[in-house]
1. Around residue 313, what is the net charge, scoring Lys/Arg as +1 and Asp/Glu as -1 over all other residues with Cβ under 12 Å from its Cβ?
2. What whole number of Å gives the distance from the Cα centroid of the stretch 186-227 to the Cα centroid of the stretch 274-318?
3. So what are the ³J(HN,Hα) numbers for the stretch 316-333, from phi and the Karplus equation (6.51, -1.76, 1.60; θ = phi - 60°), rounded to whole Hz, Gly and Pro as x?
4. Given R₀ = 30 Å, FRET efficiency for residue 271-residue 330 by Cβ-Cβ distance, to 0.05?
5. Skipping prolines and chain starts, which residues have an amide H placed within reach, meaning under 5 Å, of the one on residue 96, given they are 5 or more residues away or on another chain?
6. Count the net charge of all other residues whose Cβ sits under 12 Å from the Cβ of residue 97, scoring Lys and Arg as +1 and Asp and Glu as -1.
7. Estimate the FRET efficiency between residue 250 and residue 192 by the formula 1/(1 + (r/R0)^6), using the beta-carbon distance for r and 35 Å for R0, to the nearest 0.05.
8. Once you order the gyration tensor axes a ≥ b ≥ c over the Cα atoms, which shape class does the stretch 188-229 get: rounded for a/c under 1.5, otherwise prolate or oblate by comparing a/b with b/c?
Amino acid sequence: MKHTIIGYLSLVLLLTACHQKENTQLQNSNTQQENLVSFGPDFTGGARAANRLFPDKLRNLPNEINATHYPNPCYAVLEDSMYIWKHDISIQVNEDLQIVEYGSFVYTDEGWYLRITMNAQDFEASYNCKGGLLKKGIVYTDHESWRRDKTLRGGDALWYFIAKDKNGRLVKGMAPIETEGKLVNSTVKTIKISRSDISWTGYGEIGNYSLTGNIKLKNAELSSSGDTLTKALVMFDMNSITHEEQNLVDHLKGEDFFEVSKYPTAVFETQSIAYTGQATAVAKGILKIKGVSKPISIPLEITTKGKEQTIHGKIAVDRTRFGIKYNSKSFFGNLGDQAIKNNFDLDFTMQIIL
């Protein structure tokens, strides 16, 4: 009997110790979990925020349209004084669907902002999709839904698509796009012209008669890789034409010549800059005067001294190619000493800091 009682008491003590150990382990485990929660993210915060990850308009719709951008991230190119982020938007579906609407949001300090909304007819035109009816397995692509900006700055956008199936059920597709504040070639940088001198000279057909004046730039941007020019966009302020005789200035700004009130800006944009020597190059591009665009080539002399570069060029421009025919022997006879040569010269020097 004595041994039986001792054995029973030992069993009770053993079970009690085990129970206490289990309680201690459980308490430690609960404490560890509490610590994990206290140091973890508060997922309820996002639900309480005014703007969650996706805009309210798109939530609760099944995501059944495959949508994507390429390239993504997207870097800018500079064209006609505008930065453009060129990318494709492609979508594909696993069953036939009818586009209801589509468009894009841009991300702002206050969350997603609905930038544009379009319909099935717009989709048909941009994606070459008849009636906006998406066919199973076919990829539809818009090659020109690009962002444009006068400033090289990044931003995020979200393109969305809403369609309905044969039962009228609405579904969605979403495609975020990162547009970065950098040019496509990261080694290329955009530089401003620090100083410019531009003169024009027109000639009479008889004798050595000529007139010379000046014109100013309205805006100009060059791109370079190292000390090598890669691209140029030059805008001339036609209102800035000067000469010592005001009557001549007024005539040049009038309809007989540059019709400045209607065409206040002339533009030259390069298509290529080919170096022909260490300090010489040929810039080929498009010159636009009075709304008429013509290809031209400009020989350049480029001098580099430290971080300063001087660019000099001179070109003869045939004004009649741009519809300026006043007193041109090519179009009028019996002009005598009033005849003006078709060509006028532009002589320019520009300085930039690399």
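1. -3
2. With the stretch 274-318 and the stretch 186-227 each reduced to a Cα centre, they are spaced 9 Å.
3. In residue order, the calculated couplings are 8, 10, 7, 5, 5, 5, 10, x, 9, 10, 3, 6, 8, 4, 5, 10, 10, x Hz.
4. That pair, residue 271 with residue 330, gives E of 0.60.
5. 136
6. Charge balance near residue 97 sits at +2.
7. Taking R0 as 35 Å, the efficiency between residue 250 and residue 192 is 0.65.
8. Verdict is prolate for the stretch 188-229.
The values are calculated or read from the model by the stated rules, or taken from the named source; none is laboratory data. Keep in mind the model is a prediction, meaning the values are calculated, not measured. Counting neighbours? That spans all protein chains shown, and the Cβs are built from the backbone with ideal geometry, glycine included. Calculation scope for accessible area: heavy atoms of the full protein, side chains included, ligands and nucleic acids excluded. Shrake-Rupley method; radii C 1.70, N 1.55, O 1.52, S 1.80 Å.
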